[in-house]
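S.K.: I have a structure here, written as structure tokens, and I will follow up with some questions on it.
The values are calculated or read from the model by the stated rules, or taken from the named source; none is laboratory data. Treat the numbers as computed from the prediction; the structure is a model and nothing was measured. Because the Cβ atoms are built from the backbone with ideal geometry, glycine has one as well, and the counts that use them run over all protein chains shown. With ligands, DNA and RNA removed, areas are computed over all heavy atoms of the protein, side chains included. Shrake-Rupley method; radii C 1.70, N 1.55, O 1.52, S 1.80 Å.
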Amino acid sequence: MMPSRFQEIEDAHYARYYARKPITIVRGRGALLYDENDKEYVDCTGAYGASIVGHAHPLVARAISDQATKLIACHGSTYNDARASFVSKLSTILPSGLNRFFFANSGAEAVECAIKVARKATGRRKIVAIKGAFHGKTHGALSATWDAKYRKNFEPLVPDFIHIPFNSSEVAKETITNDTAAVFLEPVQGEGGIRIPSKEWVTLLSDLIHDAGGLLVADEIQTGFGRTGRMFACEHMSINPDILCLGKGIASGLPIGITAAADGIMSTLSVGEHTTTFGGNPVVCAAGSATIDVLLEERLVDNAAKVGEHFKVGLQGLMDKHRIVREVRGLGLMLASETRFDARDILTNAMNEGVLALDAGRNVLRFLPPLCIRTDQIEHVLAVFDRILEKEELARLPSATSTSNA
Ligand SMILES: Cc1ncc(COP(=O)(O)O)c(C=O)c1O
């Protein structure tokens, strides 16, 4: 297909840092997106998890527009009513005890703040992260991110980061010692392929770092605010992080990162040691307050658990039917199907059939739809993938029958 004029303009000037789908999305509503030709897509990308209450939710849109007519720019060096209101609402849904927040503009920045707070609060430098982890691409966050393809051209990264194997107790015991400032953990690895650690291992990490006098940092940038069917994924594991990193959808797609901890930990950084021009911007905060209202009023965390289970069972049905699918995993509306082959053609075919989904590595299909997605929309997605997997299987495994996994 020929690129549209919007695609030509972006291709001419915009940095070529994103792997692009050849579509131009111009509007959305709920779990649906529309391109410039008004073709409809069921959105299982959720803008990489940044749409939780659904696209262009009217209450969020009104809150943004009302705030924009009052005040758009307001630095953190003065107080602001929209920021105060957001802070107050956040404090009602965050784990109790994590009641002091720093607002930034992205998930990576929430992680940057957590690194600095963890190091200053403990007076230590060593940070233990997990193989397969993704914490962002700025230099500090990248030092905690695992994948060599993101890291290799930018070394030396920040020193004293060590990665330990996922779900391995022995190495954790050897590595988490009295000089460790913090363990950084995604309760479910997102970019790493929707990998859920065992509850026992996560509990061990928490015990080890606390016994060593360090801090547990949970990166819930992708899992937070209902994505996994609980407000925070740490609840599935019964762990209590000392520092929580948040971002993605809590401002419905406006840029945000939040670092939260107890006052005694956050306040080890003094005035001026960590600030950012746009942090706590009033329009973003107004969007954040409205997003929390919608999340609670529409019971979207429960919906993520319920509809997510339906989706997962449907994906498991596809796995039983199509040998090309090796495994289905995930919690709530953070789901993945691992295929036996490169999954990128499958995603392109799904896009052509009006379903957008993500990858997470070459052979993992990842689904992060807005938490408002409905069962009938899930049924449509499953029907599309059923057809595509059937075709893909016939092409790649000509001798396969459609019940070969059963
Ligand atoms: C777990 C996790 N941490 C950090 C980040 C980085 O967030 P951002 O892209 O907003 O910088 C992401 C982004 O996908 C993420 O999934």
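S.K.: If I ask for residues that are surrounded by fewer than 22 Cβ atoms within 10 Å (Cβ to Cβ) and within 22 Å of GLY193 (Cβ to Cβ), which ones from the range 121-132 would you list?
M.R.: Selection gives LYS131, GLY132.
S.K.: Please specify each residue of the range 313-351 satisfying the condition of being among the β-branched types (Val, Ile, Thr) and in a strand (DSSP E or B).
M.R.: Listed by number, the residues that qualify are VAL325, VAL328, THR339.
S.K.: Would you say ALA121 is part of a helix (DSSP H, G or I), over 16 Å from the mean Cα position of the chain (by Cα) and more than 16 Å from the ligand (Cβ to nearest atom)?
M.R.: It is true that ALA121 is part of a helix (DSSP H, G or I), over 16 Å from the mean Cα position of the chain (by Cα) and more than 16 Å from the ligand (Cβ to nearest atom).
S.K.: Of these, ALA218, ALA133, which one is under 30 Å from LYS312 (Cα atoms), of a type in the set (Gly, Ala, Ser), touching a strand residue (DSSP E or B) at 6+ places or on another chain (Cβ under 6 Å) and within 11 Å of the ligand (Cβ to nearest atom)?
M.R.: That would be ALA218, the only listed residue that is under 30 Å from LYS312 (Cα atoms), of a type in the set (Gly, Ala, Ser), touching a strand residue (DSSP E or B) at 6+ places or on another chain (Cβ under 6 Å) and within 11 Å of the ligand (Cβ to nearest atom).
S.K.: Give the number of residues within the range 365-391 that are within 20 Å of the chain's Cα centre (by Cα) and either at pLDDT below 95 or open to solvent by 10 Å² or more (accessible area, probe 1.4 Å) (or both).
M.R.: Within the range 365-391, residues that are within 20 Å of the chain's Cα centre (by Cα) and either at pLDDT below 95 or open to solvent by 10 Å² or more (accessible area, probe 1.4 Å) (or both) number 1.
S.K.: So THR268 passes all but one of these: (1) part of a loop (DSSP other than H, G, I, E, B); (2) touching a His at 6+ places or on another chain (Cβ under 9 Å). Which condition number does it fail?
M.R.: (2)
S.K.: Specify which of the listed residues (ALA172, ALA148) is free of Cβ contacts under 8 Å to residues at least 24 places away in the same chain, farther than 15 Å from ILE115 by Cα and aliphatic (A, V, I, L, M).
M.R.: ALA148
S.K.: Right, next: Those residues that are assigned to a loop (DSSP other than H, G, I, E, B), out of contact with any His (no Cβ under 9 Å at 6 or more places or on another chain) and either on the phi > 0 side of the Ramachandran plot or open to solvent by 30 Å² or more (accessible area, probe 1.4 Å) (or both), I need them from the range 193-211; list them, please. Break it down stepwise before answering.
M.R.: Initially, the range 193-211 is screened for residues assigned to a loop (DSSP other than H, G, I, E, B), giving 193-194, 196-198.
Now restrict to residues that are out of contact with any His (no Cβ under 9 Å at 6 or more places or on another chain): 193-194, 197-198.
Answer for the range 193-211, where residues must be assigned to a loop (DSSP other than H, G, I, E, B), out of contact with any His (no Cβ under 9 Å at 6 or more places or on another chain) and either on the phi > 0 side of the Ramachandran plot or open to solvent by 30 Å² or more (accessible area, probe 1.4 Å) (or both): GLY193, ILE194, SER198.
S.K.: What tally of residues in the range 1-45 results from selecting those that are in contact with a strand residue (DSSP E or B) (Cβ under 9 Å, 6 or more places away or on another chain) and assigned to a helix (DSSP H, G or I)?
M.R.: 1
S.K.: Among the residues of the range 1-56, write down those that are surrounded by 13 or more Cβ atoms within 10 Å (Cβ to Cβ) and of a type in the set (Val, Ile, Thr).
M.R.: ILE23, THR24, ILE25, VAL42, THR45, ILE52, VAL53 - these are the residues of the range 1-56 that are surrounded by 13 or more Cβ atoms within 10 Å (Cβ to Cβ) and of a type in the set (Val, Ile, Thr).
S.K.: Here is a further query. Mind listing whichever residues of the range 136-165 are within 14 Å of the ligand (Cβ to nearest atom), open to solvent by 20 Å² or more (accessible area, probe 1.4 Å) and not basic (Lys, Arg)?
M.R.: If the condition is that a residue be within 14 Å of the ligand (Cβ to nearest atom), open to solvent by 20 Å² or more (accessible area, probe 1.4 Å) and not basic (Lys, Arg), then THR138, HIS139, TRP146, ASP147, TYR150 are the ones that fit.
S.K.: Any residue in the range 254-274 that's under 14 Å from GLY97 (Cα atoms) and open to solvent by 20 Å² or more (accessible area, probe 1.4 Å): show its pairings with residues that are more than 16 Å from the ligand (Cβ to nearest atom) and assigned to a helix (DSSP H, G or I) at Cβ separation under 6 Å, as long as the two are six or more apart or on different chains.
M.R.: Listed by first residue and then by second, the contacts come to ILE265/ALA121.
Residues are listed down the side, and each one gets a yes or a no for (1) open to solvent by less than 10 Å² (accessible area, probe 1.4 Å); (2) farther than 17 Å from ILE378 by Cβ; (3) among the basic types (Lys, Arg):
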| residue | (1), (2), (3) |
| --- | --- |
| LYS306 | no, no, yes |
| GLY317 | no, no, no |
| VAL325 | yes, no, no |
| GLY330 | yes, no, no |
| ALA336 | yes, no, no |
| ARG340 | no, yes, yes |
| ASP345 | no, yes, no |
| ASN363 | no, yes, no |
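S.K.: Same structure again: Name the pairs whose Cβ atoms lie under 6 Å apart, with the first residue in the range 178-207 and closer than 20 Å to PHE225 by Cβ and more than 10 Å from the ligand (Cβ to nearest atom), the second assigned to a strand (DSSP E or B) and open to solvent by 10 Å² or more (accessible area, probe 1.4 Å), and 6 or more positions between them or separate chains?
M.R.: Note: pairs meeting the criteria are ILE194/ARG329.
S.K.: What's the number of the condition VAL171 fails, among (1) farther than 30 Å from LEU296 by Cα; (2) not in a helix (DSSP H, G or I)?
M.R.: Of (1) farther than 30 Å from LEU296 by Cα; (2) not in a helix (DSSP H, G or I), only one is false for VAL171: (2).
S.K.: Further question on the same structure: Run LYS116 past the list (1) touching a Ser or Thr at 6+ places or on another chain (Cβ under 8 Å); (2) surrounded by fewer than 24 Cβ atoms within 10 Å (Cβ to Cβ); (3) charged (D, E, K, R) and report the number of the one that doesn't hold.
M.R.: In the conditions (1) touching a Ser or Thr at 6+ places or on another chain (Cβ under 8 Å); (2) surrounded by fewer than 24 Cβ atoms within 10 Å (Cβ to Cβ); (3) charged (D, E, K, R), LYS116 misses (1) alone.
S.K.: Please go through (1) of a type outside the set (Lys, Arg); (2) within 16 Å of the ligand (Cβ to nearest atom); (3) open to solvent by 20 Å² or more (accessible area, probe 1.4 Å); (4) within 15 Å of PHE184 (Cβ to Cβ) for ALA108 and return the number of the only condition it doesn't satisfy.
M.R.: (3)
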